[in-house]
Amino acid sequence: MHGLDRAIRSRRVEGVNGLSMHCLEAGEPGRPCVLLLHGFPELAYSWRKVIAPIAAAGFYVVAPDQRGYGETTGWDGRYEADLAPFRMLNLVQDCVSLLARLQIAEAHVVGHDFGSPVAAYAALTRPEVFRSVVLVSAPFGGTPISTRARGVHDDLVKLGRKHYQWYYSTREADDDMRRCPQGVHAFLRAYYHYKSADWPGNQPFPLAGWIASELAKLPAYYIMELGKGMAETVAPYMPAREAPWLTDDELRIYASAFERNGFQGGLQWYRCATIPQHAAELTAAAAGKPIDVPSLYIAGASDWGVHQKPGEFEGMQGGVCSDFRGAHLIPGAGHWVQQEQPDKTAALLVDFLRRA
């Protein structure tokens, strides 16, 4: 696989909560384990630049292609599929089962983007397994997003806008991206660029609340124009050349995976996140409890993900995480911080993991 350090190995782990799970790993089994959980639209490969440095610091690092992604199999990617396997608590169970199959009793967990809430709920509901947690890009506010939605969508429509997570929950989202006119490779190039520090429009600031007039201040990749899909939304932001942090050869790894599988496996996560029944399940599981294991937050200074859910960044530090060890906003990085600024990200992770 292009761009992987020699220390990184590819392996398949069978019998993981019904999955045959593909993982990247480095370091010696038996050392303290660090589980790295990617987001959307990403892969285990998204951690390629930090896996070896963490392993070199004395850890055994495991980064799986999560349910719905990459070379992991055993999931149903049809829109009509049963959504139950993609529920948040079952994604946590995937992590627990993977560790069990590897004969690992406990681990540190790190999650980026949609992997961040998986890591958060893993630490919240299974603290005997997950001894510390690092949330990357997406803060954890303790309240499922669908419980906040009342009325805001109607107000966004009046402004000619729509929320990307509810768009990702529609039947047409997968086809829009998988069969877009520009092709998957060009779509992903523009999407990754638009959410990175390379796009000068990413100058995030806190929003006053979960109301349409405030959400509409977010870039169009979060609060989209009403009549456009994501492929059309990002197309005008196609950069003239490849990024130094994501070459075309590296991008082909992503493009080939999503051309092969489509995006629906990852979109199932969004469908679960936007239904009230799922929010009720998570609320019951959390039962108002904080995350009590040591926790850390890392994001790019140019990442709007810090503020896309108003109040979560502040709430995370104000009691949602009871043993919070710091929030780090890394200059020169947007949403893809572990790829845009891998050295700084790895250094922060290693320092935290050694102390935790």
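Per residue, the average separation of C-alpha pairs within less than 8 Å and at least 6 apart gives segment 9-355 a relative contact order of 22 percent.
Please give the net charge around G58, taking every other residue with its beta carbon less than 10 angstrom from that of G58, where Lys and Arg add +1 and Asp and Glu add -1.
So the environment of G58 carries a net charge of +1.
Of all DSSP-defined beta bridges confined to the chain, some 40% are antiparallel rather than parallel.
Ranked highest first by average number of other Cβ atoms within 10 Å, how do 85-91, 174-180, 281-287 line up?
The peptides rank, most packed first, as 85-91, 174-180, 281-287.
Normalised by the number of residues in segment 52-132, the average gap of Cα pairs under 8 Å and 6 or more apart makes the relative contact order 21 percent.
The residue list S213, S137, P29 was ranked by how far each Cα lies along the charge dipole of the chain toward its positive end, using unit charges on Cβ atoms, and P29 comes out on top.
Shown here: the chain, whose C-alpha atoms stretch 56, 45, 41 Å along the first, second and third principal axes, sorted largest to smallest. Placing unit charges on the Cβ atoms only, positive for Lys and Arg and negative for Asp and Glu, gives the chain a dipole magnitude near 200 debye about its Cα centre.
Given their separation in residues at 0.36 nm each and the Cα-Cα distance between them, K158 and E80 gain 25.0 nm when the chain is fully extended.
Each peptide in 267-278, 152-163 gets a packing score, the mean of other Cβ atoms within 10 Å over its residues, and the list from highest to lowest is 267-278, 152-163. With Cα atoms defining each centre, segment 1-62 and segment 214-284 are spaced 23 Å apart in the structure.
With charges set only on the Cβ (+1 for Lys and Arg, -1 for Asp and Glu), what does the dipole of segment 49-186 come to about its Cα centre, in debye to the nearest 20?
Values: 15 positive and 15 negative charges, 65 e Å.
Dipole size: approximately 320 debye.
With K and R counted +1 and D and E -1, the other residues having a Cβ less than 15 Å from that of R354 yield a net charge of +3. Spin-label pair A208-T73: with each label point 7 Å from Cα along the Cα-Cβ axis, the two points sit 5.4 nm from one another.
Dividing the summed helix terms, -39500 (n - 2.57) for each DSSP H run of n ≥ 4, by the number of residues in the chain produces a 222 nm estimate of -10000 deg cm²/dmol to the nearest 500.
Here is what passes the span test in the chain: the DSSP H helices with alpha carbon length of 18 Å or more along the helix axis and a Kyte-Doolittle mean of -0.5 or above are 88-101, 342-355.
A short reminder: the numbers here are calculations on the coordinates, not readings from a lab. Bear in mind the structure is a predicted one, so any value in this text is a computation, not a measurement. No Cβ is skipped: glycine too gets one built from the backbone with ideal geometry, and neighbour counts run over all protein chains shown.
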